[in-house]
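To start, the structure under review is shown below, and the notes come after it.
The values are calculated or read from the model by the stated rules, or taken from the named source; none is laboratory data. Source: prediction; values computed, not measured. Note: ideal-geometry Cβ built from the backbone for every residue, glycine included; neighbour counts use all protein chains shown.
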Amino acid sequence: MTTVQLRLEGGWFTICEAALLTPGRGVAALLPDGSQAAVFTDRRGRTYAIDNRDPSTGAYVLSRGLLGSTPEGRPYVASPLLKHRFDLETGACLDDAALAVGTYLTERSSQF
Amino acid sequence: MPNERLSTIVVVGHGMVGQRFLEALAERGATGRARVVVLGEEPRPAYDRVRLSSYFEGSTPDQLSLVPQDFMRRHGMELHVDDPAESIDRAARTVTVRSGRTFAYDTLVLATGSFPFVPPVPGKDLTGCFVYRTIEDLRAIEAYAKTASTGTVVGGGLLGLEAAGALNGLGLATHIVEFAPRLMPVQVDEGGGAALLRTIENMGLTVHTGVGTREITADGSGRVNGMTLSDSSHLSTDLVIFSAGIRPRDRLARDCGLAVGERGGIVIDERCRTSDPAVFAVGECALAADGRVYGLVAPGYDMAETAADAIAGDAQRTFTGADLSTKLKLLGVDVASFGDAHGSTGGCLDVVYADSRSGVYKKLVVSGDGVLLGGVLVGDADAYGMLRPLTGHVPPVAPERLVLPAGLGAPAAFGPESLPDDAVICSCHNVTKGAIGACASLPEAKKRTKAGTGCGSCVRTIGMLLPESGDGGLCGCFAQSRRELYEIALALRITTFTELLDGHARVWARGGEGCEICKPAVASILAGLGNGHILDGEQAALQDTNDHFLANLQRNGSYSIVPRIPGGEITPDKLIVIGEVARDFGLYTKITGGQRIDLFGARVDQLPSIWTRLVQAGFESGHAYGKSLRTVKSCVGQTWCRYGVQDSVRMAIDLELRYRGLRSPHKLKSAVSGCARECAEAQSKDFGVIATANGWNLYIGGNGGAAPRHADLLAQDLTDTQLVRLIDRFLMFYIRTADRLERTSVWLERLDGGLAHVRDVVVNDSLGICAELEALMAAHVAGYRDEWAETLDDPERLARFVSFVNAPGAPDPSVRFVPERDQIKPELPLLTLGATR
Ligand code: SRM
Ligand SMILES: Cc1cc2nc3c(=O)[nH]c(=O)nc-3n(C[C@H](O)[C@H](O)[C@H](O)COP(=O)(O)OP(=O)(O)OC[C@H]3O[C@@H](n4cnc5c(N)ncnc54)[C@H](O)[C@@H]3O)c2cc1C
Ligand code: SF4
Ligand code: FES
């Protein structure tokens, strides 16, 4: 079984089975400190994680946005509320330089 | 220049041509050199008389105004309204107005227009007799019509038909009495008149041709109650509008000794000068150098420019006569005539197409050597924009092909590029193809040449002459529009987003993710083509969150729920269930603007349990989250309301159930009113239905929201079956051809040919696609399943309704509420932005 893990301060944290992720969409994960991460996978099977909180509205909804890619091939998520786009690798907002979200390292690990 | 006396130009009459003259003066810089005084009789500045009838469709006098807000001030002109000129003293060069003031002039311009001719029949001045020329006339007719049930228009010419259309629209049983043997005798020929007659009679108007009015009769209180016709028959009528022609207003000129024509009209030369070189006349009051009085606005504008040139310009413009081409929409019927419409040129030939079933009649007049001389189009005047500029030239294809309806061998891509550069595209402002070609965009063309700012009938042709703006692509990923993608998916049977993206997107986007614009748009296209449940397979990744969770996301991350309440009708038991569910889940409850109930504040993980209760009680998804049918509002209708003439509630329910779940480019709204009082506001809907004594009227393209638009009447007095069939076709045609997020209102405005084109396609089946459209709709109706019932039945789908993938049972702690007015409201998250702009 393959699982998805996030790198937190204390080490790798297992989120869920990789099969639960739908390419092009996200899920929300509750982290041990009570904060939330939005975890995505794209068509090519790469996994990304950023903060779930949409800094433009304060709502915890980024996991429910749609994935897209820029002409340069950079993956992003568009917030479902006011449609700000966030780069999944850097957390930068593509529409407003004053906004950004935190990112997490992710890993898929197989345990047999 | 302290002592230099400015010369004074006095303009009498502030109508359409008077205003155009002022603009022409300003353009020539004359307003800096001369004092300009304008004397008007009407109580307001010039307005668009051509669109006068739109007053009855809700246009306000302000909207009809032709005078930009600060026009007079900006150009230092003086305007005196409501104070007509009474006399002219040519020796002293003064004009005296009714209030007694006298104005001196160096140059005088008469633009007094014309007055409606009222035949000298006994009773013509009775209470209830009107003319149709000014906003005040229309106001008086509108008020009087409230007490009337039948109205008669004397005169079946262009203006008579327009007045008849207005009476019909005011709900009166309407008669037209025309002395000539056919309607619109001046513009159309016998065949055209016959086609017009049939269509107008089909609308329920009664036409009496070949008879005159002998006397108007009155009841005891002096109010009109009928008329006797020249064949001694009697017609009961409560209201009469005289529209028996117009006469130039030349009295002022006559009284001061200027030359006037035998049959009226102030005599002018080619430069619009009267018999006194200090006095000019322009517009309908003038008798032009070619011996004619023109009753159309375009020749008047031409005279205004000519006079301005003579007074203030350098160019030596002349007015020697004008083309009487017109395109009109009378009672919803397109009528156009151009050039030598009656075939009076020696040796000319006719090419005629007539279809009495659909009320279409088209005739072209061609010379022996193939030059197009003129023509008449009734019922379908789409080709007018193309044909008029071709007049005087040999058309690029055989004339018989030009009159055939689209689909029957009409040339597919016969565009304006085939026209010569000197062809006049905009006849209102006499603008040639060459002049338009020098502009980059429609706004620029309008600004620089005025083309398209008159009657508007040339705008479509102008559009075809201008370079395209933008590439029209759906988004960064696709160069095609939504409509093109729809056709590609349909033709190539494409069923997945990746297939479309990898095969048909811009090169760089292939193999990528797509974007938040094309994903839901393509999802809607695929859903429209019947590709399964929207929560399944790859589709699941394309829907935005509302469609993904079948609910509407709110600002704090919670969702709202709108169960379908077809037609707004609901039993007490169902109301109680909604109340109980809202109470048990602590939801905020509100009646929506769409006649249903919205339950706010549900967490994702609560949606399935809430819907389990709702589905059990017989509720279905209301698709408030989808680009799909929202509500079909209804009024209470015939069953209860004393005015109702049909069962509007039943019809609303039927329509809502038929089209529920239908995915479309944007949301769709509808309403059904039980009578013309229109309590359901159907005319503000994408498709609105209003009951009539004989069936249903169907309106399309209405919109509320930020840019409201009144719907257009598509068809009248339909049976239930006809109504549904027409809506089926209309909706599918829209879904097929509209762009992403384009409401029917915007689509209708954008579509080439607009309403006439839609009517052609869905009523007359001009593209031959109606069977296909109906089949697509039949497939939708047969394939409809309630999305929530299906979701609840499927554990795999249900699995996604969790707040956290790693803690399925845990509620989302960020979704919190505080009390307000005995219900909840979101506790708004604190915004801590890293930096502010
Ligand atoms: C709930 C409701 C307000 C209410 O409390 O009454 C509402 C709520 C919203 N409207 Fe509305 N509209 C509601 C009736 C209307 C109406 C009135 C009507 O339908 O008769 C209109 C004007 C009529 C029209 O559409 O022509 C209306 C014109 C809009 C528009 C402007 C559309 C336009 O073409 O200009 C938008 C924006 C859009 O869709 O792009 C909009 C968008 C929205 C959105 C979807 C905004 C959003 O993205 O969050 C709101 C969703 C709320 C939710 O989660 O349920 N809403 N909205 C009404 C739901 C009716 C229903 O039962 O389905
Ligand atoms: C219902 C309707 C529909 C029409 N549809 C079309 C159409 O589709 N296409 C088309 O080409 N044409 C149409 N026309 C005709 C078009 O409106 C006229 O050709 C145009 O208005 C003529 O402009 P004008 O300035 O000469 O006259 P008007 O617009 O009539 O202006 C003359 C003005 O002078 C004022 N006046 C008169 N005497 C005096 C005085 N002594 N002192 C001060 N002011 C005075 C009048 O009150 C009036 O305001 C339509 C007309 C009507 C009524
Ligand atoms: S009017 Fe604006 S705020 Fe009110 S419901 Fe509609 S979209 Fe929301
Ligand atoms: S032809 Fe009337 S605006 Fe151009």
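Checked across region B:273-282, the condition of being over 30 Å from B:ALA143 (Cα atoms), over 39 Å from the mean Cα position of the chain (by Cα) and acidic (Asp, Glu) holds for at least one residue.
Yes/no per residue for (1) within 16 Å of ligand 4 (Cβ to nearest atom); (2) closer than 20 Å to B:ALA310 by Cβ:
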site: B:VAL17; (1), (2): yes, yes
site: B:ALA30; (1), (2): no, yes
site: B:ARG49; (1), (2): yes, no
site: B:ASP70; (1), (2): no, no
site: B:ASP83; (1), (2): no, no
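Once region B:135-175 is narrowed to residues that are outside any helix (DSSP H, G or I) and out of contact with any strand residue (DSSP E or B) (no Cβ under 7 Å at 6 or more places or on another chain), the residue that is nearest to ligand 4 (Cβ to nearest atom) is B:GLY157. Residues in region B:294-325 that are among the charged types (D, E, K, R) and assigned to a loop (DSSP other than H, G, I, E, B) were compared, and the one that is nearest to the chain's Cα centre (by Cα) is B:ASP323.
Consider region B:107-134 and keep the residues that are part of a strand (DSSP E or B) and touching a Lys or Arg at 6+ places or on another chain (Cβ under 8 Å). The one that is nearest to ligand 1 (Cβ to nearest atom) is B:PRO116. Here is the figure for region B:599-616: residues that are within 16 Å of ligand 1 (Cβ to nearest atom) and in contact with a Pro (Cβ under 9 Å, 6 or more places away or on another chain) total 7. Checked against the criterion of being within 18 Å of B:ALA676 (Cβ to Cβ) and of a type outside the set (Gly, Ala, Ser), region B:147-165 has at least one qualifying residue. The criterion of at least 3 residues that are more than 30 Å from B:ALA582 (Cβ to Cβ) is met by the following helices (runs of 4 or more DSSP H) wholly inside region B:719-837: B:720-737, B:744-750, B:754-762, B:770-783.
Listed here are the residues, each with its yes/no results for (1) among the hydroxyl-bearing types (Ser, Thr, Tyr); (2) within 29 Å of the chain's Cα centre (by Cα); (3) loosely packed, with under 15 Cβ neighbours inside 10 Å; (4) modelled with pLDDT under 75.
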{"residue": "B:TYR384", "(1), (2), (3), (4)": "yes, yes, no, no"}
{"residue": "B:ARG388", "(1), (2), (3), (4)": "no, yes, no, no"}
{"residue": "B:THR391", "(1), (2), (3), (4)": "yes, yes, no, no"}
{"residue": "B:VAL394", "(1), (2), (3), (4)": "no, no, yes, no"}
{"residue": "B:VAL403", "(1), (2), (3), (4)": "no, yes, no, no"}
{"residue": "B:LEU408", "(1), (2), (3), (4)": "no, yes, yes, yes"}
{"residue": "B:ALA413", "(1), (2), (3), (4)": "no, yes, yes, yes"}
{"residue": "B:ASP421", "(1), (2), (3), (4)": "no, no, yes, no"}
{"residue": "B:CYS426", "(1), (2), (3), (4)": "no, yes, no, no"}
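Each residue in region B:647-692 was checked for being more than 27 Å from the chain's Cα centre (by Cα) and in a loop (DSSP other than H, G, I, E, B), and 3 of them qualify. Filter region B:131-181 down to the residues that are of a type in the set (Ser, Thr, Tyr) and closer than 17 Å to B:VAL118 by Cα and list them by number. Matches in region B:131-181: B:TYR132, B:THR134, B:THR152. Considering each residue of region B:720-729 in turn, at least one proves to be away from chain A (no Cβ under 14 Å), more than 16 Å from ligand 1 (Cβ to nearest atom), of a type in the set (S, T, N, Q) and farther than 29 Å from B:GLU484 by Cβ. The set of residues from region B:254-273 being under 20 Å from B:ASP302 (Cα atoms) and crowded, with 18+ Cβ neighbours inside 10 Å comprises B:GLY265, B:ILE266, B:VAL267, B:ILE268, B:ARG271, B:CYS272, B:ARG273. Scanning region B:186-196 for residues that are under 10 Å from B:VAL378 (Cβ atoms) and either of a type outside the set (S, T, N, Q) or in a helix (DSSP H, G or I) (or both) turns up B:VAL188, B:ASP189, B:GLY191, B:GLY192, B:GLY193, B:ALA194, B:ALA195, B:LEU196. Considered as a group, the residues in region A:16-29 that are in contact (Cβ under 8 Å) with a residue 24 or more places away in the chain and more than 7 Å from chain B (Cβ to nearest Cβ) include one that is nearest to A:GLY68 (Cα to Cα), and that residue is A:GLY26. Being closer than 23 Å to B:SER814 by Cα and either touching a residue at least 24 places away in the same chain (Cβ under 8 Å) or facing chain B (nearest Cβ under 7 Å) (or both) holds for only one residue in A:PHE13, A:PHE86, and it is A:PHE86. Count of region A:37-63 residues, restricted to those that are surrounded by 21 or more Cβ atoms within 10 Å (Cβ to Cβ), within 7 Å of chain B (Cβ to nearest Cβ) and in contact with a Phe, Trp or Tyr (Cβ under 8 Å, 6 or more places away or on another chain), is 0.
Being touching a residue at least 60 places away in the same chain (Cβ under 8 Å) and either touching a Pro at 6+ places or on another chain (Cβ under 6 Å) or over 16 Å from B:ILE610 (Cα atoms) (or both) is the filter here; which residues of region B:778-791 pass it? Listed by number, the residues that qualify are B:ALA779, B:HIS780, B:VAL781, B:GLY783, B:TYR784, B:ARG785.
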